[in-house]
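The values are calculated or read from the model by the stated rules, or taken from the named source; none is laboratory data. Quick caveat, the model's predicted, so the values are computed rather than measured. Neighbour counts run over all protein chains shown; Cβ positions are idealised from the backbone, glycine included. All accessible areas refer to the heavy atoms of the entire protein, side chains included, with ligands and DNA or RNA removed. Shrake-Rupley method; radii C 1.70, N 1.55, O 1.52, S 1.80 Å.
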Amino acid sequence: GIGTANRGLALALRKAGFAVDVLYTRVDSGAPFCFRGDFADQVSAFASHGIRLMSIRHEGPWNDWPAKSFRAMEHLEAGRYHLAFFNDTHGTGFYPLLARRTGNARLSGTTMCVVAHSATQWIQQVNEAPIPTIEDIKLMEMERRSLELADIVVSPSRHLLGRYRGYGWSLPEDCRVIPNLLPPGERLAGIAPGRSCAVTEPVFFGRLESRKGLWLFCNALDRLKVDLA
């Protein structure tokens, strides 16, 4: 997912000789959320790779997207970074990019890149789901504007850029298709080509939603059911 892609990017940049900070934004009522272990453990794990992991100062709920974007802007103003990467998902880059566009001198020297993963409008369209709340509409606008105001947009696929342009979004001239980087040790290298084994059970690996290929998987089973009987 997005976390794996971000970790892979951070490790690749560090290996290339850059000083790298990772700013974590999944913070709820002042506490960074962790799937396993404590945040301090994650800080230590990244430090072992020479990467500084921090979290935003945020006392509100985890899904207050505008507030978290504003906190990210404050962090960038203080850090004076040369290059900042944002995800399009949840629009974290909205306030930093808007502030720079409107003349914030403390951000004028920071090149800002937005990496396309899955904007809310695309998720809802592919899942054939409605936009249920006004808050979702606000979030969609933040995601759109962060992409439109970016210096560079990087997408893992040409398909995603085409969909975004199809919504009428004005993406920057510098849009690049670059596959997500995987952290070392998580690549598929070493698997012998042509290896075969008996298939005893087909399994769908992923969240149960349309955009993850659930119906494609079911249709494939329908076409194979005679052979699999």
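Quick rundown of the values:
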quantity	calculated
Placed amide H near VAL154: partners under 5 Å, 5+ positions off or other chain	VAL114, VAL115, ALA116, ARG176
Within region 125-220, chymotrypsin sites (Phe, Trp or Tyr not before Pro) in DSSP loop having at most 10 other beta-carbon neighbours inside 10 Å	PHE205
Phi-based couplings in Hz for region 158-174 (Karplus 6.51, -1.76, 1.60; Gly and Pro marked x)	5, 4, 5, 4, x, 5, 4, 5, x, 7, x, 6, 9, 6, x, 4, 8
Residue-normalised accessible area of the chain, given per residue in Å² at a 1.4 Å probe	63
C-alpha long axis of helix 2-15 to longest principal axis of the chain, angle in °	60
Proximal lysines to LYS225, defined as alpha-carbon separation beneath 29 angstrom and excluding residues fewer than eight positions away on the same chain	LYS212
Cα centroid separation, region 105-141 to region 1-63 (Å)	21
Choice from GLY194, GLY103, GLY17 with maximal GNM fluctuation in the chain (Cα, 10 Å cutoff)	GLY194
Expected 222 nm ellipticity per residue - DSSP helices of 4 or more, -39500 (n - 2.57), all of the chain, to 500	-12500 deg cm²/dmol
Contour excess over end-to-end distance, with Cα ends at THR4 and TRP62 and 0.36 nm allotted per residue	18.9 nm
Long-range Cα-Cα pairs in the chain (distance over 29 Å), rounded percent	36
Which of VAL126, VAL153 is most accessible, then next, and so on - probe 1.4 Å	VAL126, VAL153
Region 104-136 residues near the modelled ASP151 label - backbone nitrogen below 13 Å, point 7 Å along Cα→Cβ	107-114
Highest-fluctuation residue, ALA31, ALA198, ALA40 considered, GNM on the chain with Cα pairs under 10 Å	ALA198
Accessible surface of the chain [probe 1.4 Å, protein heavy atoms]: carbon and sulfur percent	55
